[in-house]
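Report on the structure given below.
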Amino acid sequence: GAVVSQHPSRVICKSGTSVKIECRSLDFQATTMFWYRQFPKQSLMLMATSNEGSKATYEQGVEKDKFLINHASLTLSTLTVTSAHPEDSSFYICSASRDSSDGELFFGEGSRLTVL
Amino acid sequence: GENVEQHPSTLSVQEGDSAVIKCTYSDSASNYFPWYKQELGKRPQLIIDIRSNVGEKKDQRIAVTLNKTAKHFSLHITETQPEDSAVYFCAASLSGTASKLTFGTGTRLQVTL
């Protein structure tokens, strides 16, 4: 099966600092990856669609200058939470679809961000 | 855009009983409907999916039914076991690569002994 790896799994940072989360497709190429945010006991909310070699597409209400997405290769997308604040504390999950697949998404392990 | 509603939000069943979770969607163009199981603090795991060219799909104790006319689909788990306890999410999207999934609000299933 397809494997998506996310790092770090947990990160604690001080308010005002920036945090980078990596999402890698280990055994397949992913032209497109998706970044979700999940608050406790809530559903997964799509933040943005990450496109290799081009700008990410952000969902309504998601600040693109705060959540920087870079998809520099077919196997790596990064999400940088800039100037993090306590309200940014959440579970961030990436997912990727194999270019040859038919809709199935493969999820990373998720990254739990805690901003003090 | 697509809107997916899911019910119930919590469901408690006794071991061995069946559990049913229902979802409705708004975009008639959606044609891929996966179900995910998520344990606390872990990634969602695909447990079954269905495409709009079929009405029902079964995999051992798990089955999904789809009614495109009514725009709703359901997850059925039979002979529930304690390890089935988790949060289940339905989702809908247009099939094909780079499809955006819209998730339902989730159902917390508790299987009691």
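Filtering the range A:41-56 to residues that are more than 10 Å from chain B (Cβ to nearest Cβ) and either loosely packed, with under 12 Cβ neighbours inside 10 Å or within 17 Å of B:Glu5 (Cβ to Cβ) (or both) leaves A:Gly53, A:Ser54. Within the option set B:Thr65, B:Thr24, being in a strand (DSSP E or B), away from chain A (no Cβ under 14 Å) and without any contact (Cβ under 8 Å) to a residue 40 or more places away in the chain holds for one residue only, B:Thr65.
Of the candidates B:Ser99, B:Ser30, the single residue that is surrounded by 14 or more Cβ atoms within 10 Å (Cβ to Cβ), in a loop (DSSP other than H, G, I, E, B), within 11 Å of another protein chain (Cβ to nearest Cβ) and within 16 Å of the chain's Cα centre (by Cα) is B:Ser30.
Table: residues versus (1) in contact with a Lys or Arg (Cβ under 8 Å, 6 or more places away or on another chain); (2) without any contact (Cβ under 8 Å) to a residue 24 or more places away in the chain.
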position	(1), (2)
B:Phe33	yes, no
B:Arg61	no, yes
B:Ile77	yes, no
B:Cys90	no, no
B:Leu101	no, no
B:Gln110	no, no
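A single member of B:Thr105, B:Thr80 is among the polar types (S, T, N, Q) and more than 10 Å from chain A (Cβ to nearest Cβ), and it is B:Thr80.
So for the range A:30-39 (the condition being exposed (fewer than 14 other Cβ atoms within 10 Å of the Cβ), more than 12 Å from the chain's Cα centre (by Cα), within 12 Å of another protein chain (Cβ to nearest Cβ) and polar (S, T, N, Q)), does at least one residue qualify? The answer is no, given that none of the residues of the range A:30-39 is exposed (fewer than 14 other Cβ atoms within 10 Å of the Cβ), more than 12 Å from the chain's Cα centre (by Cα), within 12 Å of another protein chain (Cβ to nearest Cβ) and polar (S, T, N, Q).
Filtering the range A:12-25 to residues that are among the hydrophobic types (A, V, I, L, M, F, W, C) and within 14 Å of chain B (Cβ to nearest Cβ) leaves A:Ile21, A:Cys23.
Listed residues B:Gln60, B:Gln45; which is more than 29 Å from A:Leu74 (Cβ to Cβ) and either modelled with pLDDT of 90 or more or touching a Pro at 6+ places or on another chain (Cβ under 9 Å) (or both)? Before the answer, list the steps.
Details: B:Gln45 fails: more than 29 Å from A:Leu74 (Cβ to Cβ).
Answer to the check: B:Gln60.
Can you tell me which condition B:Lys37 does not meet? The list is (1) touching a Phe, Trp or Tyr at 6+ places or on another chain (Cβ under 9 Å); (2) in a loop (DSSP other than H, G, I, E, B); (3) not β-branched (Val, Ile, Thr), and all the others hold. If we test B:Lys37 against (1) touching a Phe, Trp or Tyr at 6+ places or on another chain (Cβ under 9 Å); (2) in a loop (DSSP other than H, G, I, E, B); (3) not β-branched (Val, Ile, Thr), just (2) comes out false. Per the listing A:Lys55, A:Lys64, the residue uniquely assigned to a loop (DSSP other than H, G, I, E, B) and within 18 Å of A:Ser90 (Cβ to Cβ) is A:Lys64.
Of the residues in the range A:75-91, none is surrounded by fewer than 17 Cβ atoms within 10 Å (Cβ to Cβ), within 13 Å of chain B (Cβ to nearest Cβ) and either part of a loop (DSSP other than H, G, I, E, B) or at pLDDT below 95 (or both). Which members of the range B:1-20 meet the condition of being part of a strand (DSSP E or B) and in contact with a His (Cβ under 8 Å, 6 or more places away or on another chain)? Once the filter is applied, which keeps residues that are part of a strand (DSSP E or B) and in contact with a His (Cβ under 8 Å, 6 or more places away or on another chain), the range B:1-20 yields B:Ala19, B:Val20. Once the range B:47-65 is narrowed to residues that are more than 20 Å from B:Thr80 (Cβ to Cβ) and surrounded by 15 or more Cβ atoms within 10 Å (Cβ to Cβ), the residue that is nearest to the chain's Cα centre (by Cα) is B:Asp49.
The values are calculated or read from the model by the stated rules, or taken from the named source; none is laboratory data. This structure is a prediction, so every number in the text was calculated from the model and none was measured. Please note: Cβ atoms are built from the backbone with ideal geometry, for glycine as well, and neighbour counts cover all protein chains shown.
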